[in-house]
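*Asks:* Sharing a structure with you now.
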Amino acid sequence: MAHQSLNDLPVLTDDFGLYTTFVEGIAEEIRQSQAPKTIAITGYWGSGKTSVLAQLYKQLFGENPPSIKGEAVPTSNDATPHYHGVWFEAWRYQHEPQPIIALMHTMRQSFSQKRKLFDEAGKIASVSMVAGLSVFDGVIKTLSAGMVSGLDKIQSIGDKYEKDNLLSQLSTDQINNALSTAIDHLLTDLADIPNTDRKCIIFIDDLDRCDAATAKKLLEGIKVHLNLENCIFIIAIDPAQLEASFKLEHAQLRNTGNIQDVSNHDATEYLEKLCQDAHRLPIADKKQIADFVEKNLNRMFTEVHRSYAGIIAEIQLELERQNYLPANPRRLKMICNRLAAFISKTNGEAQTQYHAQSLLFLASAYVSYREIYEMLSVNPESINDVAEFCSSRVQSKIPAFKHLTSSNTEARGAFIHPNKITEFRFASLLTEIEANGNLPVWGDYLHKLIQSYNTPTPAGAETE
């Protein structure tokens, strides 16, 4: 293989040139916010929520979040030592009976790993730190219906709460007070620092991958037990996914089998009560998408760049001319992987606009319009069916087009939803080629490229 392949891991760089200002703005909002507060970062499936969450963590703390690989680019962050970041991937714990306990375990582990518990001689460096962690242990066991433990050390982190009171059966308020005090001293390592901006910033990712019951349990657990004066939550979610899940659950609770019986406002208002502020991910425009594809293709062909620079440049120009691809980083990476494969397998073709259009069409069909790709792989004359679908306002009966629309006739202007793959984005190209009388020839050319793609590459035949 002459090219590298992209994966779906979060990235710590702003490949769109779109998120840097967005991240800096949220970071400043966090610095200026008074806890408790919950902030949502919202976007569609694959829109880059985890990457933005990781970039925000890096902006605040100058390092990668746990489990996110890659080199953290130095930032001019203003975070103080009294800020502490916790990274929680909610979907990993969706089968836990009480996900809030898994979150508290993660918080405790994060504090114990990042705060200095022992000095160079191996002695306890901070009694208040040990006491704070012990409070977490006690609360976790209490919420797990276990025996209360660890709270016997509560007196060592201050006299604000009576030890005997905390050792009695804990109410929600008493649990919250104990946690707030413990977190406060875990943030400072000292018993009393007045007027200090202390914040435990908890990043929650992939909540929308959990089922409705788990997501709801976690959100309600946060609201009940961690709505504290030193905690700020940053939650990355696709609200449409959560709203759909909550809507279904509400319908089941109301003993109705018809999901349409439940207003979507129920779920929307529920989320709004839990999140005091929400930031919608910005959407890349046509030029930003073209630059993203060009940058990634050049990166994938680093070792043989000179051989493919011409076709990569043509692809970029064509993407600047027409809005062929969705503004969705995950799907764009998938399309880049197919583009790179087609480029490698068809390297004998002229590096022209015509070839670039063909590669974009095939890579997109391979990823987003599978049945259209399969039609062309079997019969080049199927391009006539695709063209007819693009020009007709009547719903096609051919299965490949059943769930597709070639244009959004209800919107003014050339609006195409940034994330929907039901929008067929090549209608204008098909119309253009058909108007020039080149449709049959193009169908044959596409079929030939697919055959080249499917042909094994002889050993040593790759461009060096």
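The values are calculated or read from the model by the stated rules, or taken from the named source; none is laboratory data. Note that the coordinates shown come from a computational prediction; the quantities given were computed from them, not determined experimentally. Note that each Cβ is placed from the backbone with ideal geometry, even for glycine, and that neighbours are counted across all protein chains shown. SASA here: full protein model, heavy atoms, side chains in, ligands and nucleic acids out. Shrake-Rupley method; radii C 1.70, N 1.55, O 1.52, S 1.80 Å.
*Asks:* If you wrap the range 262-405's Cα atoms in a convex hull and average its projection over all directions, what's the area in nm²? Don't skip to the answer; put the middle values down first.
*Replies:* Numbers: hull surface 49.9 nm².
Result: 12.5 nm².
*Asks:* Taking the Cα atoms of the range 295-374 alone, what are Rg (to one decimal) and Dmax (as a whole number) in Å?
*Replies:* That works out to 11.8, 34 Å for Rg and Dmax.
*Asks:* Can I ask one more? Please list, ordered by chain and number, the residues whose modelled amide H lies under 5 Å from the amide H of residue 404; skip anything fewer than 5 residues away on the same chain.
*Replies:* none
*Asks:* Moving to a separate point now. Go ahead and run the numbers for FRET between residue 285 and residue 173, Cβ-Cβ distance against an R0 of 60 Å, rounding to 0.05. Mind showing how you got there, number by number?
*Replies:* Values: r = 50 Å, r/R0 = 0.83.
That gives a FRET efficiency of 0.75.
*Asks:* Run the quick spin-label model on residue 224 and residue 309: label points 7 Å from Cα toward the beta carbon, then report their separation in nm to one decimal.
*Replies:* Between residue 224 and residue 309, the label points sit 6.3 nm apart.
*Asks:* In the range 321-384, what chymotrypsin sites (Phe, Trp or Tyr not before Pro) fall in a loop by DSSP, with at most 13 other Cβ atoms inside 10 Å? Write down the numbers at each step before the final one.
*Replies:* Values: sites: 324, 342, 354, 361, 366, 369, 373; in loops: 324, 369.
Within the range 321-384, no chymotrypsin sites (Phe, Trp or Tyr not before Pro) qualify (loop, at most 13 other Cβ atoms within 10 Å).
*Asks:* Let me ask something additional. Expressed as a whole percentage, what fraction of the accessible surface of the range 322-375 belongs to carbon and sulfur atoms when a 1.4 Å probe is rolled over the protein heavy atoms?
*Replies:* Working: 720 of 1650 Å².
Roughly 43 percent, rounded to a whole number.
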